[in-house]
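J.: A single structure is presented below for examination.
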Amino acid sequence: MRLEIPAEPVRLRQSLKQSEFAKGRGWRLYQGDCLATLQQFEPASFDLVFADPPYFLSNGGFTCKAGRRAPVEKGAWDISQGVEHDHEFTLQWLAACRRVLKPTGTIWVSGTQHVIFNVGFAMQRLGFKLLNTVTWYKPNASPNLSCRYFTHSTEILVWASPVAKGKLQHTFNYARMKEENGGKQMRDVWNLPRSGDEELTADGQGRVWSQISPRKGEKAHGSHPTQKPLALLERVIEASTHEDARVLDPFNGSGTTGVAALKLNRQYVGVELDPKYLELSRKRLEEAERAARSH
């Protein structure tokens, strides 16, 4: 199937052109601040937004990496400026995403306890309708070095509609998710298949599956410190969009959302500040585009 991103109106295309980093059949990458870039898109022009925003964890803490104690230093973008400042930023980028979402669209936001409650409160303030909070279980989570807490082994995804009142208009491929879950209603706790390539076995018991961190093959061109597994994005996109839907990621990172979108015959737009990760995304998206053409 041929994928094409609809052309933006001329008055927007000229300004967006300045921040365009790369494009292909069915995808575009823009370099810039997400708030400024999203303001250049037409209102109600995307079917889905997936956002993996900063968790604000790079504040002198430590984690376990490759079995060793290591500082949490993801980048300047991950440093907290205080609760009030962080919440204001969350309100701003969520409002920008809500403006570009179609009434029939939805937004997914991924996060840990450090940011997800901020996100949920901001959504309520902005008038989103919260549809689900999905828990993604990670069986290979890093151990807790302080031994003062339970080991953090989950992330939460908030799924919301930009329309809070009236009849629900969003897409939910209920039958497909039920089929994938062995004929039982899919639950809001996701243990995804360990390999995105293996065939799921329908057991009829409504069981859940496991998903470890991104596999080696997903990092062939490089990696991002908060990179999500491809299987996670595939499920998000397949559950809440139809083919040819327009998918936006305002915190593009390594481009996993785009790779999943192309694999599922959706169109993709990613926004990212760091040219290093844009280059990584370009390589991954070009590879995904070649794979889509071969099918």
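Bear in mind that the values in this text are calculations on the coordinates, not laboratory data. For clarity, every value in this text was computed on a predicted model and none was experimentally measured. In this analysis, Cβ positions are derived from the backbone assuming ideal geometry, glycine residues included, and neighbour counts consider all displayed protein chains.
J.: Modelled label-to-label distance, E84 and E286, 7 Å Cα→beta-carbon offset: nm?
T.: Computed distance between label sites E84 and E286 equals 4.8 nm.
J.: Given H placed 1.01 Å from N in the peptide plane, which residues other than close sequence neighbours of Y268 have an amide H under 5 Å from its amide H?
T.: W27, R28, V247
J.: Under the 0.36 nm per residue contour assumption, what length would be gained going from the current alpha-carbon distance of F150 and F117 to full extension?
T.: Numbers: separation 33, 0.36 × 33 = 11.88 nm, distance 1.87 nm.
Taking 0.36 nm per residue and subtracting the Cα distance, the gain is 10.0 nm.
J.: I'd like to compare 44-52, 159-167: which one has the highest average count of other Cβ atoms within 10 Å, and what's the full order after that? Can you show the working numbers first?
T.: Working: 44-52: 22.9, 159-167: 16.3.
Going from most to least packed, we get 44-52, 159-167.
J.: List the residues whose amide H sits under 5 Å from the amide H of N173, counting only those 5 or more places along or on another chain, with H placed 1.01 Å from N in the peptide plane.
T.: Those qualifying (amide H under 5 Å, at least 5 residues apart or on another chain) are S240, T241.
J.: Run the numbers for T135 and A175: contour at 0.36 nm per residue of separation, minus the present Cα-Cα distance, in nm.
T.: Details: separation 40, 0.36 × 40 = 14.40 nm, distance 2.05 nm.
Extending this stretch completely gives an extra 12.4 nm.
J.: Give me, ordered by chain and number, the residues 5 or more places off A51 or on other chains with an amide H under 5 Å from its own placed amide H.
T.: Correct list: W108, V109, S110.
J.: For the ranges 30-41, 98-109, 83-94, 178-189, what's the packing order if you count other beta-carbon atoms within 10 Å of each residue, average per peptide, and put the highest first?
T.: Values: 30-41: 18.1, 98-109: 21.7, 83-94: 16.2, 178-189: 14.6.
Most protected by this proxy first, the peptides run 98-109, 30-41, 83-94, 178-189.
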